[in-house]
Amino acid sequence: MRTLHTAPLLRLTHANEPPPVRPVPGDDDALSDRATSGDDALSGPAVPVSGGPLPGQPASADADASSHRPAPLSAGPPPDQPAPTDDGPLSGWAVLVDGDRIEAVGPIGELTQAYPMVRVRRWPGTLGPALVHDGPLPPAPSPRERVHALLRSGVGAVLAAHLTDPAVRAAAARNDVAVLDAVRPPALVVGGRADLAVFADDGRCLATVVAGRLVHRRA
């Protein structure tokens, strides 16, 4: 299942400063404890997906080396665009997701031309890596709602030290939230897990994708 995520701005790395997390009584605006179904389906047959890291960026060690990888798609920006190593957000870029992995990152024009049959999700705001939550989970009436409060704020990973409650840990596992032994800087890495988040200018999280699955989308 392949999806191309794009937004007006793309940030390859993210200063890990999530907005305040508030427990939400209801669960209506979250996609809960299940994979998104037809909403993430392709609009046509699958097309070959290219891999390979961005220039100067090593491939993730947990990438599936046995997967089919044709020649890497060029991710070189046009002359008027900044290089992918720049700190600022990029305009007109996209992330190609295959299953739970990032398969390519590059200019939207190049990616849509190379993969004309892929499903395209166009988000408002700034697209970037999902956040890593370093701290106790927010209070909420149930373990499920505690995890969903994180998903609504753009979090895709938590520290194992804060998942000592078996029920909370199980809720995190059901939603494919990554469990880390130590904090790592959030970044989009070709071959790594597809953990993405979209933020509005005011800091609100508009969407969260965890392991390639849309788990939160703001109405």
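The values are calculated or read from the model by the stated rules, or taken from the named source; none is laboratory data. These figures come from a predicted structure and were not determined experimentally. Positions of Cβ are backbone-derived with ideal geometry, glycine not excepted, and every protein chain shown enters the neighbour counts. We work out accessible area using only protein heavy atoms, side chains counted, and drop any ligands, DNA or RNA first. Shrake-Rupley method; radii C 1.70, N 1.55, O 1.52, S 1.80 Å.
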Margin query: Return the equivalent ellipsoid semi-axes of the range 84-219 as a descending list in whole Å, where each equals the square root of 5 times an eigenvalue of the C-alpha gyration tensor.
Written below: 28, 15, 14
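Mind running the shape call on the range 139-219? Use the C-alpha gyration tensor, a ≥ b ≥ c as the square roots of the eigenvalues: rounded below 1.5 for a/c, prolate if a/b tops b/c, oblate otherwise.
Note, shape of the range 139-219 comes out oblate.
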Note to self: Under the rule a/c < 1.5 gives rounded, and otherwise a/b versus b/c splits prolate from oblate, where does the range 117-179 land using the Cα gyration tensor?
What the structure shows: prolate
Notebook entry, point to check: Once the whole set of protein chains is in place, how much accessible area is left on ASP134, using a 1.4 Å probe, in Å² to the nearest 10?
Noted result: 100
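Report the net charge of residues surrounding ALA161, where surrounding means a beta-carbon distance below 13 angstrom and charges are Lys +1, Arg +1, Asp -1, Glu -1.
Around ALA161, the surrounding residues sum to -2.
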Margin query: Between ALA15 and ALA161, what is the label-point separation in nm under the 7 Å Cα-to-beta-carbon projection?
Written below: 2.4
